[in-house]
Amino acid sequence: MIAVLTPVTNVLALADINISPNSNGLPGISALQKIVGAVMTVGLILSVLALIVAAVVWAFGSHSANPHLATRGKAGVLIACGAAIVTGGAVAFINFFWNVGQGI
């Protein structure tokens, strides 16, 4: 039974696939990278805008004795900061999980 399994393991060793990403495999990759960078910039700008609006809502709710509005403003501030963290760290997150996946 061991003699039967030995050729199968040799075939699996020969069928090893090694693929890595490249930047010149398809036309338009550099344009796509520029588009993704522009979308990240827009995302960060919108995060700053959301932070400003949420801070104004929080301040207005606090000064008008409206706890519901103040709570919504606080949540908006946290969500805007979270969106900026995810947008700014998207490349690092993807690279981290890519490296984890390469170790499997």
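Kindly indicate whether Thr71 is part of a helix (DSSP H, G or I), in contact (Cβ under 8 Å) with a residue 40 or more places away in the chain and of a type in the set (S, T, N, Q). Against the criterion (part of a helix (DSSP H, G or I), in contact (Cβ under 8 Å) with a residue 40 or more places away in the chain and of a type in the set (S, T, N, Q)), Thr71 does not qualify.
Of Val48, Val4, Val42, all but one fail to be modelled with pLDDT under 90 and either out of contact with any Lys or Arg (no Cβ under 9 Å at 6 or more places or on another chain) or loosely packed, with under 12 Cβ neighbours inside 10 Å (or both); the exception is Val4.
The values are calculated or read from the model by the stated rules, or taken from the named source; none is laboratory data. Given the structure is predicted, the values throughout are model-derived calculations rather than measurements. Positions of Cβ are backbone-derived with ideal geometry, glycine not excepted, and every protein chain shown enters the neighbour counts.
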